[in-house]
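The values are calculated or read from the model by the stated rules, or taken from the named source; none is laboratory data. For clarity, every value in this text was computed on a predicted model and none was experimentally measured. Note: ideal-geometry Cβ built from the backbone for every residue, glycine included; neighbour counts use all protein chains shown. Note: areas computed on protein heavy atoms with side chains; ligands, DNA, RNA excluded. Shrake-Rupley method; radii C 1.70, N 1.55, O 1.52, S 1.80 Å.
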Amino acid sequence: MLPFLTETETVWQRLARTEKPIVLYGMGLGAEKILFQLAQVGTQPAAVFASDEFVRGHRFHEWPVQRLADIKAQYPDFFIVVAFAFWQPELLARVQALAKQYELVLPHLPVVGNEAVTPAWIQAHEPEIAAAWRLLADEQSRRVFAAVMNYKLSGRIEGLRAVTTPKAEAWQLLQVTRQEAYLDLGAYDGDTLRELIAQTGGLPKRMVALEPDAKNFRKLCAYLDTLPAGAIQAYQAGVYSADTTLLFANRAGRHSAVARDGQGVLTPMRSIDSLAAGERFTLIKLDVEGEEAQAIAGAQEQLRRFAPKLMVSAYHRNEDTFALLNQIHAIQPRYRFYLRQHPYLPAWDNNLYCIPEEQL
């Protein structure tokens with residue numbers, strides 16, 4: 001038994017047994033996944049509401065989308081299920097305030113897949129989870145790991161919010177300088193490039209960025225146009241275990257990823273080792289919408305020879321919290337592993353920072 005797991009009831013079991021009306025807060029793909037899981041335990045919402053600015057007389061499935069004031073007028077008490085992802089401070093504060101007034105959960109929703117995290121799922125992965133736990137480098141990482149695993153079971157946001165730290169703390173861990181040779185994989189519109197340049201107080205000596213989504217790549221290029229010519233080398237390509245071409249869903253957001261439904265645009269994919277061609281990178285970011293394990297598999301030479309500092313998104317798949325850490329450790333055992341949760345609900349922006357021992 002994993003000693004840090006304190007939750008024994010899943011969010012779905014709790015929702016199945018509640019006698020309060022369940023009200024869904026939000027619409028979209030997250031809400032669709034929640035409806036699916038609720039149906040599996042034989043229940044469904046009594047009502048749906050949205051933030052006032054999104055209520056315009058429409059429906060979500062058979063439910064009219066209402067305001068919170070409308071829900072309060074109908075029910076003296078109710079159980080709120082939050083069904084969307086957010087990082088904005090005003091939304092984080094709003095949901096925390098609601099959690100003080102009502103029973104509230106925000107079920108864990110992996111970006112990739114619909115599989116629910118259950119005690120049986122955790123038991124099946126227990127050796128891998130325990131191995132990752134033993135490799136964590138500091139107490140904050142262990143607190144985050146425990147909070148994320150308990151959150152994935154329970155949907156309770158309190159423990160997750162208690163371990164959340166700002167992105168600035170992670171940059172301090174990485175100790176970046178203007179001597180970095182930086183590889184940005186999943187560059188989006190240049191958001192992390194901006195952060196890196198701000199942290200180093202100028203342009204690092206080498207920067208290479210890959211972004212496969214066409215719309216995002218245009219935004220990235222617009223940002224690069226504001227920098228000195230040649231400051232950043234950019235490619236419209238994805239990252240995989242080997243150089244190949246794959247169907248890619250261009251959706252300009254978190255669902256912009258390798259297509260899993262056979263619908264997409266043929267897009268070039270590069271492996272890290274092929275892209276580097278023997279060159280040493282000192283810092284690599286991996287935020288590739290569920291293909292992190294494939295990207296790591298294609299970075300064997302870079303990790304073994306050079307052990308660059310790594311910033312790895314650890315939330316797209318249920319198992320990413322522990323599986324990516326174990327995968328990296330098997331390739332390069334000199335890494336120290338730090339896990340951090342940055343402001344976001346659900347447990348997105350949960351990142352793994354890998355730093356070689358000699359740089360600490």
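Of note:
- Inter-site label distance for Glu19 and Arg334 at 7 Å from Cα along Cβ, in nm: 6.3 nm
- Gyration tensor verdict on region 12-52 (Cα atoms; rounded if a/c is under 1.5, prolate if a/b is larger than b/c, oblate otherwise): oblate
- Across all C-alpha atoms in region 36-139, the radius of gyration and Dmax reach 17.8, 52 Å.
- Dipole moment magnitude, nearest 20 debye, region 1-100 about Cα centre, only Lys, Arg, Asp, Glu C-beta charged: 60 debye
- Lys/Arg +1, Asp/Glu -1 at C-beta; the chain dipole; positive extreme among Phe306, Leu2, Thr192: Thr192
- Antiparallel DSSP beta bridges within the chain, percent to nearest 5: 40 percent
- Per residue value of the accessible surface for region 54-181 (all protein chains in place, 1.4 Å probe), Å²: 47 Å²
- Within region 261-360, trypsin sites (Lys or Arg not before Pro) in DSSP loop having at most 15 other beta-carbon neighbours inside 10 Å: Arg280, Arg334
- Rg over Rh for region 122-166 works out to 0.99, both radii taken from alpha-carbon positions and Rh defined as the Kirkwood radius.
- Accessible surface ranking that places the most exposed of Asp191, Asp287 first, with a 1.4 angstrom probe: Asp191, Asp287
- Cα-derived Rg to Rh of region 159-246, Kirkwood definition: 1.03
- Entries in Lys33/Lys167; Lys285/Lys309; Lys167/Lys219; Lys72/Lys100; Lys152/Lys309 that, when Cα-Cα distance is taken, lie over 20 Å: Lys33/Lys167; Lys167/Lys219; Lys152/Lys309
- From most to least packed by mean Cβ count within 10 Å, the peptides 346-357, 107-118 give 346-357, 107-118.
- Here the calculated FRET efficiency for Thr245 and Ala214, from their Cβ-Cβ distance with R0 = 22 Å, stands at 0.90, rounded to the nearest 0.05.
- For region 1-70, the set of trypsin sites (Lys or Arg not before Pro) satisfying both a DSSP loop assignment and a count of at most 15 other C-beta atoms within 10 Å is given as Arg56, Arg67.
- Efficiency of FRET from Cβ geometry, Tyr75 and Val265, R₀ 41 Å, rounded to 0.05: 0.35
- Taking a ≥ b ≥ c as the square roots of the eigenvalues of the alpha carbon gyration tensor, region 36-83 is oblate, as a/c is not under 1.5 and a/b does not beat b/c.
- Average projection, convex hull of the Cα set of the chain: 18.7 square nanometres.
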